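For reference, the structure is listed below as structure tokens.
The values are calculated or read from the model by the stated rules, or taken from the named source; none is laboratory data. On a predicted model such as this, the values are computed, not experimentally measured, just so you know. Note that we place each Cβ from the backbone using ideal geometry, even for glycine, and neighbour counts take in every protein chain shown. These accessible areas exclude ligands, DNA and RNA; they are computed on the full protein's heavy atoms, side chains included. Shrake-Rupley method; radii C 1.70, N 1.55, O 1.52, S 1.80 Å.
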Amino acid sequence: MRTTVVLLVLLGCCLTGAQLQNERGEITQRNLQPDIWTELQKLEDTVVDQRVQLGVLEARLKASESQVVELKTDNKALRDTVVDQRVQLTAVEGRLKASEDQVVELKTGNDALREMVMDQRIELGATKTELGSVEGRLKSIESQVLQLKTENDALREMVTEQRGELGATKTELGTVEARLKTSDSQLEELKRENKDRPKVAFSAGLTDAGTVGPFNADTTLVYAKVITNIGNCYNPATGIFTAAVSGVYYFRFTAHGSGSSIYIGSVLSKNGNRIVTTYNYQGTGDSYDDSSNAAVLQLEVGDQVYVQLPTNNRVYDNTSNRCTFSGFLLFPM
Ligand SMILES: *[C@@H]1O[C@H](CO)[C@@H](O)[C@H](O)[C@H]1NC(C)=O
């Protein structure tokens, strides 16, 4: 645009110079006074100058106008841009507002979260401490568990061993039980037998009165002091044992002598028959003597056994029971 203006100004100047030369020629020819010519010349110069200036101003005006147009266009574009930007700005403002609201909201949320984080940090600390203690306990429990497992294994082994032993013992026990049962029944039988078995046993002392005898005939000694008399087969009034059960019996008797130059003795008789005897002559200075004998006899029910003092013999007894007669059933037959 500026180039155009310069060109226009130059063109204006050239045209004006040519016209002036022509006009000057005509004026000279007319032979006007020099002052007027000078004046005129000045005016002409002024006109020319003003024309030049006008041209310049016109050019500048034109330039300005085109600039104005250009600026208007620019302005329009700028206005549009401004409008656009205002719209965009409004949109951005709206978004900003929303974002700000969100920021406020997020801040609030953030505060709450921060509080929660703080709380959780405290809780976490406590939990960690607790965890430590729990871990300690767990460790101790684990070692206990390990120990118990070992013990358990040992016990299991023992149990297995004992199970085997128990099995053997049970078998043995079964055998023993069977034997015990047999023994029990045998025992019961024996008990029954024993209960049913006749019981006969006696012992008796002769007298507390001292010397018995001598007599002119064999005399049955009456052992009056009963010590024992199971079955009541011995009669302390007669001195005679009478068998109530047939069987084998054992009898024993003892004769004691007190004095000197005397005969002591006694005879065990069965149904009037002498079976075994004792005898002793007690010489001078021989104060005490004892003689004794015994026999196993098989008796039938009703058989009688007793001890007799032979003729001219004597015996002595007192509370010490020096002379005794005893017997018992060995077994029935
Ligand atoms: C019984 O007699 C004996 C002698 O035969 C005599 O030693 C004893 O002291 C007498 N006992 C009593 C209690 O009399």
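Taking only the stretch 291-316 into account, find how many residues are within 16 Å of the ligand (Cβ to nearest atom) and out of contact with any Phe, Trp or Tyr (no Cβ under 9 Å at 6 or more places or on another chain).
Selection size over the stretch 291-316: 1.
I need the full set of residues from the stretch 240-290 which are buried (at least 20 other Cβ atoms within 10 Å of the Cβ), in contact (Cβ under 8 Å) with a residue 60 or more places away in the chain and under 15 Å from G327 (Cβ atoms), in order please.
F241, A243, Y249, F251, F253, T254
Within the stretch 317-333, how many residues turn out to be more than 16 Å from the ligand (Cβ to nearest atom), of a type outside the set (S, T, N, Q) and not in a loop (DSSP other than H, G, I, E, B)? So that I can check it myself, show each step before the final result.
The first filter runs over the stretch 317-333 and keeps only residues more than 16 Å from the ligand (Cβ to nearest atom), leaving 325-333.
Imposing the further condition that a residue be of a type outside the set (S, T, N, Q) reduces the set to 325, 327-333.
Add one more test, that the residue is not in a loop (DSSP other than H, G, I, E, B), and what stays is 325, 327-332.
Number of matching residues: 7.
Among the residues of the stretch 259-290, how many are within 15 Å of the ligand (Cβ to nearest atom) and in a strand (DSSP E or B)?
7
Taking G302 and the conditions (1) under 22 Å from K199 (Cα atoms); (2) of a type in the set (G, A, S); (3) open to solvent by less than 30 Å² (accessible area, probe 1.4 Å), which numbered condition does it fall short on, given that it satisfies the others?
Tallying (1) under 22 Å from K199 (Cα atoms); (2) of a type in the set (G, A, S); (3) open to solvent by less than 30 Å² (accessible area, probe 1.4 Å), G302 fails exactly one: (3).
Checking the structure you have, find out if any residue of the stretch 184-200 is crowded, with 17+ Cβ neighbours inside 10 Å and under 17 Å from N318 (Cα atoms).
Step one: filter the stretch 184-200 for residues crowded, with 17+ Cβ neighbours inside 10 Å, giving 200.
Now drop any that are not under 17 Å from N318 (Cα atoms), which leaves none.
Within the stretch 184-200 (the criterion being crowded, with 17+ Cβ neighbours inside 10 Å and under 17 Å from N318 (Cα atoms)), the answer is no, since none of the residues qualifies.
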